[in-house]
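The structure is given below, and queries will be raised subsequently.
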Amino acid sequence: MARLWWTCDPNSLGPFLALVLMVSSTVAGQGQDITLKNQDGPGREAFTSGKYKEAVPFLRLALEQAITDHASDTRMVLALNDLAEALRLIGHYDESEKLFDRAIDILRNSSTAESRYKPIILSNQGKLYLATGRYALSESSLKEALRLAERDLNRQYPQVADALVFLGILYTAMDKWKQAETNLKRGIALGEKRLGKDDVVLASMLAGLAGLYAKQRQWSRAEPLLVRALYIAERSLGPEHPETAAILNNLGQSYYWRGNLIEAEKALRRALEVRRKILDHGSALIAFTSSSLAVVLTDLGNYDEARLCYTESLQIQEQNFGPKASQVAATLEQFANLLHKMESDEEALAMEVRAKSIRAELKYTVKANTNRER
């Protein structure tokens with residue numbers, strides 16, 4: 001029987017959603033590159049409201065204006081990072097990565113760009129690597145972000161907590177439980193000390209710790225954290241914010257694993273409805289939630305709708321990750337389980353063969369890469 005795998009959504013668990021854009025505002029407010037504030041104001045407003053898709057055109061215009069104006073290196077770095085972060089949050093990983101790389105390249109080679117922004121951009125780059133499954137690169141970026149934040153900013157600065165929490169989420173994905181819990185609890189303690197126990201920032205931090213407990217199947221510890229996180233997010237951000245959808249997605253999975261299929265379906269439907277409304281149709285985040293809902297619907301016997309969800313998820317995953325990605329293999333296996341229940345055995349067998357082929361090729365690629373490194 002196919003089971004719902006815990007897929008804590010790292011891309012939407014984003015503490016300090018407006019941090020990068022707040023930094024841009026600070027620069028403008030200090031008299032540097034005042035045109036930046038005028039150019040991307042609507043983009044900044046849309047971003048802080050969680051309307052990342054709407055923010056992208058404005059932030060793209062801000063970057064184009066910075067290029068046209070031959071702007072300072074600091075302004076270029078911030079414009080690149082703001083657009084890259086918005087693109088990351090709607091699942092446009094390829095373009096986002098290129099923009100982050102350009103921003104970091106400027107910081108490394110410029111004698112005039114302000115180095116205090118480097119930990120922020122490195123942290124965002126680490127989140128992108130985490131969302132795309134490149135854990136070694138993610139760890140390198142996040143560790144460097146934490147080191148620079150503690151050295152150049154202040155140990156109490158919010159960016160320190162941000163890097164700690166995402167290192168915790170990364171170590172959760174890598175099954176390094178002790179390191180994960182240590183970093184997550186340090187980040188949450190810092191956040192509570194600086195911001196209070198009900199600040200909106202705590203919502204994503206709590207969800208990150210819940211993700212750790214969920215992967216360890218400690219549902220009784222995960223679920224209260226998610227319920228608290230959802231309360232904070234809905235009160236502070238509203239019911240149709242990406243952060244709210246991310247927490248609903250993870251809460252739905254927690255309900256599923258505790259055997260509460262009805263509540264799992266409700267939470268995942270809400271998450272999917274919000275994501276379909278506010279994200280591009282091809283966003284990988286829609287695929288994550290659609291797959292999760294399909295598993296629940298299968299267990300509830302709603303096979304026809306489950307099939308539609310799997311079809312949607314598979315198409316989006318192939319578009320985002322390629323036809324031979326591990327995410328595609330996992331969805332094919334779950335889809336095949338459904339098709340067997342629907343007595344479409346020939347179609348199910350074809351999917352199982354394809355999934356097996358993908359996993360064999362991925363295993364060979366990892367082995368070959370390991371041998372080359374030696």
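The values are calculated or read from the model by the stated rules, or taken from the named source; none is laboratory data. Being a predicted model, the structure only gives us computed values, none of them experimental. All Cβ positions, even for glycine, are placed from backbone atoms using ideal geometry, and neighbour counts span all protein chains on display.
Restricting attention to the stretch 26-48, and to residues there that are surrounded by fewer than 17 Cβ atoms within 10 Å (Cβ to Cβ) and small (Gly, Ala, Ser), which single residue is modelled with the highest pLDDT?
Here the residue is 41.
So for the stretch 84-95 (the condition being out of contact with any helix residue (DSSP H, G or I) (no Cβ under 7 Å at 6 or more places or on another chain) and surrounded by 15 or more Cβ atoms within 10 Å (Cβ to Cβ)), does at least one residue qualify?
Yes.
Mind checking whether some residue in the stretch 177-197 is in contact (Cβ under 8 Å) with a residue 40 or more places away in the chain and surrounded by fewer than 19 Cβ atoms within 10 Å (Cβ to Cβ)?
So far as the stretch 177-197 goes, no, none of its residues is in contact (Cβ under 8 Å) with a residue 40 or more places away in the chain and surrounded by fewer than 19 Cβ atoms within 10 Å (Cβ to Cβ).
Which pairs have Cβ atoms under 6 Å, sit 6 or more apart or on different chains, and link a residue in the stretch 319-346 that is under 19 Å from residue 131 (Cβ atoms) to one that is assigned to a loop (DSSP other than H, G, I, E, B)?
319/282
Now for a separate question. Among the residues of the stretch 136-143, are any surrounded by 17 or more Cβ atoms within 10 Å (Cβ to Cβ), over 25 Å from residue 50 (Cα atoms) and under 20 Å from the mean Cα position of the chain (by Cα)?
Yes, the conditions are met somewhere in the stretch 136-143.
Identify all residues within the stretch 227-250 that are farther than 16 Å from residue 201 by Cβ and surrounded by 24 or more Cβ atoms within 10 Å (Cβ to Cβ); write none if there are none.
245, 248, 249, 250
Given the conditions (1) within 28 Å of residue 354 (Cα to Cα); (2) more than 17 Å from the chain's Cα centre (by Cα); (3) surrounded by 21 or more Cβ atoms within 10 Å (Cβ to Cβ), and given that residue 286 satisfies all but one, which numbered condition is not satisfied?
(2)
Residue 85: charged (D, E, K, R) and without any contact (Cβ under 8 Å) to a residue 12 or more places away in the chain, yes or no?
Judged against the criteria, residue 85 is not a match.
Does the stretch 75-82 contain at least one residue that is assigned to a loop (DSSP other than H, G, I, E, B), within 30 Å of residue 276 (Cα to Cα), in contact (Cβ under 8 Å) with a residue 12 or more places away in the chain and not hydroxyl-bearing (Ser, Thr, Tyr)?
No, that holds for no residue.
Sticking with this one: How many residues does the stretch 311-350 hold that are over 22 Å from residue 282 (Cα atoms) and outside any loop (DSSP other than H, G, I, E, B)?
So the answer is 12.
Across the stretch 204-233, what is the number of residues that are hydroxyl-bearing (Ser, Thr, Tyr) and under 17 Å from residue 161 (Cβ atoms)?
Number satisfying all stated conditions: 1.
Look at residue 197 and say whether it is modelled with pLDDT under 90 and either under 18 Å from the mean Cα position of the chain (by Cα) or closer than 27 Å to residue 87 by Cβ (or both).
No: the conditions fail for residue 197.
When you go through (1) farther than 20 Å from residue 197 by Cα; (2) without any contact (Cβ under 8 Å) to a residue 60 or more places away in the chain one by one for residue 279, which number turns out not to apply?
(2)
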